[in-house]
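First up is the structure itself, then whatever we jot down about it.
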Amino acid sequence: MAGLIIKAATLIAATIVLVWPVEVSAQSSGASRRRPAKVQPPAQQGAEFDQVVKRADDARQASRLDEALEMYAKALQIRPKWADGWWYAGAIFYEKDLYAQARDAFRNLVALEPNRGPAWGMLGLCEFQTREFDRAVISLQRGRSIGLSDNRELESVVRYHTALLYIRFAEFEVAFDILKEFLSVGNQSPRVVEAFGMTLLRMPFLPNEVPADKRDQVLIAGRAGYAMAARHLEEARAAFVELLKRYPEAPNVHYAYGVFLMHQDADAALKEFQRELEISPSHHPAMVQMAFEYMKRGDYETALPLAEKSVELAPKMYPARNVLGRVLLHLGQVERAVRELEEGVRLAPTSPEMRFALARAYTRAGRQADARREQEVFKQLQEEYESRRTPGTGSADGAPPQEKP
């Protein structure tokens, strides 16, 4: 992948802004660290820079990567603001699996050019490899938000690793939405299917952390998840039937099947959620699903204890606050409903659903100014959400992502 990234560098150069003095390590190439060069006249310095860059480019194009790194280091000592130099150095370090050095190079680059999306994407991939997961997901999402300059291979790899991190953070619904982006290009690679499986089975692992005795289960669930995301209902149903037949007592299997059934047969879905609670009595996502369905049916008394228990078990799960607040509002417990929904907004300030529910609660409480404020925020968030759902979002190709081992 890095070879393609290196070649693409000259296509995405932007304005450079000096943020801090920098130093490049040539340790990986076997070269000793050089002392700062003596100050030279601008013309002489420019000529030397051009000569060093030519040697660096020639070495890179000839795959003499150690020599290229040494030359790029020398060029960057002359011109620390040379953004493409940081790009090339970072890409070579990444190609050589020297992720910490690559990370530092890309951090220098994004400091100089904060709107260079591919640099943020590469920085996130490096931070993933150095296991700085909290920073990695921010960098990856920043790159996705800015745009990856139609570099489809990089876009695919960034999307895949972003989904993996949300799986590891147990943000399974977010991960599922990201993985769905692969459908637009028909990417049904084993790694994508595996990631769908970990998402459906709610396994907060990276792929190499999945226990060996769970791998077959993950792959069957992955086929079900991919087909469900693609709305291939019969294919998904067949995979779920196989999963239930082979792993009837495994955690999250009945829950996943219940989610699949929810819009087809809500009664059957409720039975699957209830079966999940028999296997895993503290399964708060199943409680939330059941509470929403009973609320939809107007059975607020049945929904209330499920919603309350889900909040008790998962106080930071904002959908639990959402359903509890809405049920309480229907039951006339307005002040308590407001408190729950305010907490839900605090947990998920960018959720349109939370803002809408809180606006309704404020209206019921007679807090009209607060209600208008929440309605305006809701409208803004809803418009942003709809724009992100525009068909064709993401342009990754159909090739399986090339994850570094």
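The values are calculated or read from the model by the stated rules, or taken from the named source; none is laboratory data. Being a predicted model, the structure only gives us computed values, none of them experimental. Every residue, glycine as well, gets a Cβ built from its backbone with ideal geometry; the counts of neighbours run over all protein chains shown. For accessibility, only protein heavy atoms count, side chains too; no ligands or nucleic acids. Shrake-Rupley method; radii C 1.70, N 1.55, O 1.52, S 1.80 Å.
Annotations
- Arg237 charged (D, E, K, R), more than 15 Å from Glu276 (Cβ to Cβ), touching an Asp or Glu at 6+ places or on another chain (Cβ under 9 Å) and open to solvent by 10 Å² or more (accessible area, probe 1.4 Å): no
- Test: Ala75 is open to solvent by less than 40 Å² (accessible area, probe 1.4 Å) and not hydroxyl-bearing (Ser, Thr, Tyr): yes
- Among the residues here, Pro405 qualifies as in a loop (DSSP other than H, G, I, E, B), open to solvent by 80 Å² or more (accessible area, probe 1.4 Å) and at pLDDT below 50.
- Contact map, the range 193-209: first residue within 10 Å of Leu164 (Cβ to Cβ), second residue in a loop (DSSP other than H, G, I, E, B) and among the hydrophobic types (A, V, I, L, M, F, W, C), Cβ cut-off under 7 Å, separation 6 or more or different chains; pairs are Met198/Phe205; Met198/Val210.
- Out of Glu155, Glu127, sole residue that is among the acidic types (Asp, Glu) and within 28 Å of Ile220 (Cα to Cα): Glu155
- Answer residue from the range 247-263, given it is at pLDDT 95 or above, outside any helix (DSSP H, G or I) and not hydrophobic (A, V, I, L, M, F, W, C) and is least open to solvent (accessible area, probe 1.4 Å) among those: Asn252
- Those residues of the range 83-98 which are open to solvent by 30 Å² or more (accessible area, probe 1.4 Å) and either assigned to a helix (DSSP H, G or I) or modelled with pLDDT under 95 (or both), in sequence order: Glu95
- The condition of being part of a loop (DSSP other than H, G, I, E, B) and closer than 25 Å to Glu278 by Cα holds for only one of Phe205, Phe196, that being Phe205.
- Of all residues in the range 336-369, those being outside any loop (DSSP other than H, G, I, E, B), without any contact (Cβ under 8 Å) to a residue 12 or more places away in the chain and of a type outside the set (Lys, Arg) number 3.
- One residue stands out in the range 299-335 among those that are farther than 15 Å from Leu270 by Cβ and outside any helix (DSSP H, G or I): the one that is least open to solvent (accessible area, probe 1.4 Å), namely Ala314.
- Of all residues in the range 134-150, those satisfying the criterion of being open to solvent by 20 Å² or more (accessible area, probe 1.4 Å), touching a residue at least 12 places away in the same chain (Cβ under 8 Å) and in contact with a helix residue (DSSP H, G or I) (Cβ under 7 Å, 6 or more places away or on another chain) are Gln141, Arg142, Arg144, Ile146, Gly147, Ser149.
- The range 168-211 - residue that is polar (S, T, N, Q) and open to solvent by 20 Å² or more (accessible area, probe 1.4 Å) and, of those, modelled with the highest pLDDT: Asn208
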